[in-house]
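Peer 1: Mind having a look at this structure? Questions to follow.
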Amino acid sequence: RRFHVAVVGATGAVGETMLAILAERNFPIATLSLLASSRSAGGEIEYQGEKIKVQDLSTFDPNGVDIALFSAGGSVSKEFGPKFAAAGAVVIDNSSAFRYDDDVPLVVSEVNPEALKNRPRGIIANPNCSTMQMLVALAPLHRQYGIERINVATYQSVSGGGRSALEELGKQTGQLLSFQDIDPQRFPVQIAFNLIPHIDDFQDNGFTKEEMKLVWETRKILGDDSILVNPTAVRVPVFYGHSEAVTIETRDKVTPDAARELLARSPGVEVVDKHEAGGYPTPVTHASGTDAVYVGRIREDLSHPRGLNLWIVSDNIRKGAALNAVQLAELVAAEG
Ligand code: 2RA
């Protein structure tokens, strides 16, 4: 059976990658509708050799769409997601608009695929990129050893901030390398050759929303509100690929060797862990442009008898967003 698919936000960094992955995985498409804001509509995008016009979302009739992949920001998802669902589409939404609603499943394809069957609103939420990669690695360890607490510091590439952030890092880097001044008006804090411990809005508790996503989404996806999560999210001058320094405390002791063995046979994971130069994953050498969640620097926590440290790296636009969304679409398609 082939499906009528719509990609909402088709001209964005994630939307563009969704199309590339749909083609790579030869998703069974009958018709493909590409949708964007009136500002971005009008152009054409080539898909499997065919030029397809980008249509204005605001005037598009969703009737007949089977599966709609959204990645156009929370306000667009809130306004148009329910309309597409009411017209009969299964909506797979990459924004945070519905992630924390009890009647919307939040699904990592390798972790809790069964959850997507229960979608009373016809909407499935795609987790945040930093949660996604962390749980592909931690879920097998949680099932086997029981994770009680997670400390995580993320080092998030600028592509998570969209196309404009990608362009800004390139612009600032070029300007600074040629000893020009950068214009603070465009971005409040310089990102080139800098680290910014601020992603998304500050919450009343002093954490940012990006950090709280790691708390809320981990508990929902693993189905365990007792898991303690202590997050710090940092923007770093890297184009593609998020990295995370994670320390877990487990109910039952897990040795580095046992963790390596379990992770090496876990879906979506590649272990890169040798005590030598290059014996660990990095955004540039491993993650950027690939699909796996890479895990290295696996070692005991020196400060806790049941603690374990891991270094987790993955392409935030692929597995962190577009790939998982397509994998969820494949699961929906498999339902027939
Ligand atoms: C970021 N995870 O990295 C957020 C949104 N993609 O900016």
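Peer 1: Is it the case that the range 72-80 has a residue that's within 16 Å of the ligand (Cβ to nearest atom) and outside any helix (DSSP H, G or I)?
Peer 2: The answer is yes; a qualifying residue exists.
Peer 1: Here is a follow-up. Residue by residue through the range 44-65, note down the ones that are under 22 Å from Glu24 (Cβ atoms) and surrounded by 21 or more Cβ atoms within 10 Å (Cβ to Cβ).
Peer 2: Of everything in the range 44-65, just one residue is under 22 Å from Glu24 (Cβ atoms) and surrounded by 21 or more Cβ atoms within 10 Å (Cβ to Cβ), namely Val65.
Peer 1: Could you tell me whether the range 234-245 includes any residue that is aromatic (Phe, Trp, Tyr), within 16 Å of the ligand (Cβ to nearest atom) and within 22 Å of the chain's Cα centre (by Cα)? Working first, answer last.
Peer 2: First, pick out the residues of the range 234-245 that are aromatic (Phe, Trp, Tyr): 239-240.
From what is left, the residues that are within 16 Å of the ligand (Cβ to nearest atom) are 239-240.
Remaining after also requiring within 22 Å of the chain's Cα centre (by Cα): 239-240.
So far as the range 234-245 goes, yes, one or more of its residues are aromatic (Phe, Trp, Tyr), within 16 Å of the ligand (Cβ to nearest atom) and within 22 Å of the chain's Cα centre (by Cα).
Peer 1: Ala233 passes all but one of (1) small (Gly, Ala, Ser); (2) over 18 Å from His142 (Cα atoms); (3) without any contact (Cβ under 8 Å) to a residue 40 or more places away in the chain; which number fails?
Peer 2: Of (1) small (Gly, Ala, Ser); (2) over 18 Å from His142 (Cα atoms); (3) without any contact (Cβ under 8 Å) to a residue 40 or more places away in the chain, only one is false for Ala233: (3).
Peer 1: Please find, within the range 190-200, the residue that is nearest to Cys129 (Cα to Cα) out of those that are open to solvent by 30 Å² or more (accessible area, probe 1.4 Å) and away from the ligand (no atom under 12 Å from the Cβ).
Peer 2: Looking at the filtered set, the residue picked out is Pro197.
Peer 1: Could you grab me the full set of residues in the range 250-274 that are touching a residue at least 40 places away in the same chain (Cβ under 8 Å), within 24 Å of the chain's Cα centre (by Cα) and buried (at least 17 other Cβ atoms within 10 Å of the Cβ)?
Peer 2: Across the range 250-274, the qualifying residues are Ala259, Leu262, Leu263, Ser266, Gly268, Val269.
Peer 1: Can you tell me which residue within the range 146-173, out of those that are open to solvent by 40 Å² or more (accessible area, probe 1.4 Å) and more than 16 Å from the ligand (Cβ to nearest atom), is modelled with the lowest pLDDT?
Peer 2: That would be Lys171.
Peer 1: Would you point out the residue of the range 66-108, among those that are open to solvent by 10 Å² or more (accessible area, probe 1.4 Å) and among the β-branched types (Val, Ile, Thr), that is farthest from Arg219 (Cα to Cα)?
Peer 2: The selected residue is Val76.
Peer 1: Can you find a residue in the range 190-202 that is out of contact with any helix residue (DSSP H, G or I) (no Cβ under 7 Å at 6 or more places or on another chain) and within 27 Å of Ala115 (Cα to Cα)?
Peer 2: No, because not a single residue in the range 190-202 is out of contact with any helix residue (DSSP H, G or I) (no Cβ under 7 Å at 6 or more places or on another chain) and within 27 Å of Ala115 (Cα to Cα).
Peer 1: Let me ask something additional. Please verify whether the range 273-290 includes one or more residues that are of a type in the set (A, V, I, L, M) and within 15 Å of the ligand (Cβ to nearest atom). First the steps, then the outcome.
Peer 2: First, the residues of the range 273-290 that are of a type in the set (A, V, I, L, M): 277, 284, 287.
Narrowing further to those that are within 15 Å of the ligand (Cβ to nearest atom): 287.
Checked the range 273-290: at least one residue is of a type in the set (A, V, I, L, M) and within 15 Å of the ligand (Cβ to nearest atom).
Peer 1: Can you tell me which of Asp257, Asp224 is more than 30 Å from Gly161 (Cβ to Cβ), of a type outside the set (Lys, Arg) and in a helix (DSSP H, G or I)?
Peer 2: Asp257
Peer 1: While we're here: Which number in (1) open to solvent by 10 Å² or more (accessible area, probe 1.4 Å); (2) in a helix (DSSP H, G or I); (3) not β-branched (Val, Ile, Thr) marks the one condition that Arg121 misses?
Peer 2: For Arg121, the failing item is (2).
Peer 1: Turning to a different aspect of this structure: Here's a check for you: in the range 33-42, which residue that is surrounded by 13 or more Cβ atoms within 10 Å (Cβ to Cβ), in contact with a strand residue (DSSP E or B) (Cβ under 6 Å, 6 or more places away or on another chain) and over 18 Å from Ala23 (Cα atoms) is modelled with the highest pLDDT? Step through it out loud before you land on a result.
Peer 2: We begin by selecting, within the range 33-42, every residue surrounded by 13 or more Cβ atoms within 10 Å (Cβ to Cβ); these are 33-37, 40-41.
Filter once more, so that each one left must be in contact with a strand residue (DSSP E or B) (Cβ under 6 Å, 6 or more places away or on another chain): 33-36, 41.
Still in the list and also over 18 Å from Ala23 (Cα atoms): 36, 41.
On the way: Ala36: 97, Ala41: 89.
Within the range 33-42, the match that is modelled with the highest pLDDT is Ala36.
Peer 1: To continue, here is another question. Restricting attention to the range 62-69, does a residue exist that is of a type in the set (S, T, N, Q) and under 17 Å from Ile21 (Cα atoms)?
Peer 2: So far as the range 62-69 goes, no, none of its residues is of a type in the set (S, T, N, Q) and under 17 Å from Ile21 (Cα atoms).
Peer 1: Could you list, in sequence order, the residues of the range 116-160 that are within 24 Å of Asn194 (Cα to Cα) and β-branched (Val, Ile, Thr)?
Peer 2: Once the filter is applied, which keeps residues that are within 24 Å of Asn194 (Cα to Cα) and β-branched (Val, Ile, Thr), the range 116-160 yields Thr131, Val152, Thr154, Val158.
Peer 1: Mind checking which residues of the range 105-131 are within 14 Å of the ligand (Cβ to nearest atom) and within 20 Å of Leu228 (Cβ to Cβ)?
Peer 2: First, pick out the residues of the range 105-131 that are within 14 Å of the ligand (Cβ to nearest atom): 125-131.
Within the range 105-131, Pro127, Asn128, Ser130, Thr131 meet the criteria.
Peer 1: Report whether or not Ala137 is touching a Gly at 6+ places or on another chain (Cβ under 9 Å) and assigned to a helix (DSSP H, G or I).
Peer 2: Yes: the conditions hold for Ala137.
Peer 1: Which pairs turn up if I take residues in the range 1-27 that are open to solvent by 10 Å² or more (accessible area, probe 1.4 Å) and of a type in the set (S, T, N, Q) and look for partners that are assigned to a strand (DSSP E or B) and at pLDDT 95 or above with beta carbon separation below 9 Å, at least 6 apart in sequence or on another chain?
Peer 2: Thr11/Leu34; Thr11/Ala36; Thr11/Ile45; Thr11/Val54
Peer 1: Pick from Phe187, Phe179: which is within 14 Å of the ligand (Cβ to nearest atom), more than 20 Å from the chain's Cα centre (by Cα) and either closer than 20 Å to Ser96 by Cα or open to solvent by 60 Å² or more (accessible area, probe 1.4 Å) (or both)?
Peer 2: Criteria check complete, one pass: Phe187.
The values are calculated or read from the model by the stated rules, or taken from the named source; none is laboratory data. Computed from a prediction, not measured in an experiment: that's the story for all the values here. FYI the Cβ positions are ideal-geometry reconstructions off the backbone, even for glycines, and counts take in every protein chain you see. Areas reflect the complete protein model, heavy atoms only, side chains present, ligands, DNA and RNA absent. Shrake-Rupley method; radii C 1.70, N 1.55, O 1.52, S 1.80 Å.
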